[in-house]
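The values are calculated or read from the model by the stated rules, or taken from the named source; none is laboratory data. Please read these numbers as outputs of a predicted model, since none were measured by experiment. In this analysis, Cβ positions are derived from the backbone assuming ideal geometry, glycine residues included, and neighbour counts consider all displayed protein chains. All accessible areas refer to the heavy atoms of the entire protein, side chains included, with ligands and DNA or RNA removed. Shrake-Rupley method; radii C 1.70, N 1.55, O 1.52, S 1.80 Å.
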Amino acid sequence: YFLTGKNLKMRKFNDSLPLNLLKAREAVMTFFRPVLQEVPLTEQQWRIIRALHEFGPMESKQLAECCCILSPSLTGIIKRLEQQNLIQRQKSSEDQRRILLSLTDHAEKTFDKVSPRLEQRYSKMTEQLGEEKMQELKDILILVAKIEP
């Protein structure tokens, strides 16, 4: 609960926003993990493939921001995706110093195979929550992501 002044008390453990967001994330990921494990791809790898599919080639710094992955972690993930023939590096035609990451044909085929199954999982979740609640949830999460400390 919220008290002001010198007698501030910590809210109850189960009222912790970070904890509840983590619990919600885990609940949501139970819908998607089984599909990704079959491919096999990690959640982060899928996020990268999905971002590059939607937005096209980009530099690793842009990709890290877009996918909410720390740059040091991204380096290892990109290396593994290259080894799996899912990501390729290319020099920018405008500036040869810039290296762009893009999907391979194999990655595009993987995306085409996996994305309909993940959309089915979204539909199942939406059936349980309802269209209106799903939209409210998305809107609230977008607002929360914009909160400044």
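Worth pointing out:
- Failed condition for Asp139, given (1) part of a helix (DSSP H, G or I); (2) within 22 Å of Gln44 (Cβ to Cβ): (2)
- Filter pass, Thr126 being among the β-branched types (Val, Ile, Thr) and touching a strand residue (DSSP E or B) at 6+ places or on another chain (Cβ under 7 Å): no
- Applying a threshold of 7 Å to beta carbon distances and a minimum spacing of six or more residues, or different chains, the list of pairs starting in the range 105-134 at a residue that is under 19 Å from Ile48 (Cβ atoms) and among the hydrophobic types (A, V, I, L, M, F, W, C) and ending at one that is open to solvent by less than 90 Å² (accessible area, probe 1.4 Å) and not in a helix (DSSP H, G or I) reads Ala107/Leu86; Ala107/Ile87; Val114/Val39.
- Pairing residues of the range 62-73 that are over 11 Å from Leu52 (Cα atoms) with residues that are open to solvent by 100 Å² or more (accessible area, probe 1.4 Å) and part of a helix (DSSP H, G or I), at Cβ distances under 7 Å and at least 6 apart in sequence or on separate chains, gives Ser71/Lys61.
- Per the conditions (1) assigned to a loop (DSSP other than H, G, I, E, B); (2) surrounded by 14 or more Cβ atoms within 10 Å (Cβ to Cβ); (3) not small (Gly, Ala, Ser), the sole criterion not satisfied by Arg97 is (2).
- Unique residue being of a type in the set (D, E, K, R) and over 25 Å from Thr126 (Cα atoms) when the list is Glu43, Glu108: Glu108
- The set of residues in the range 101-142 being open to solvent by 90 Å² or more (accessible area, probe 1.4 Å) and among the aliphatic types (A, V, I, L, M) consists of Ile140 alone.
- Meets criteria (at pLDDT below 95 and open to solvent by 70 Å² or more (accessible area, probe 1.4 Å)) for Arg89: yes
- Members of the range 27-47 found to be touching a residue at least 40 places away in the same chain (Cβ under 8 Å) and either open to solvent by 40 Å² or more (accessible area, probe 1.4 Å) or of a type in the set (A, V, I, L, M) (or both), listed by number: Val28, Val35, Leu36, Val39, Leu41
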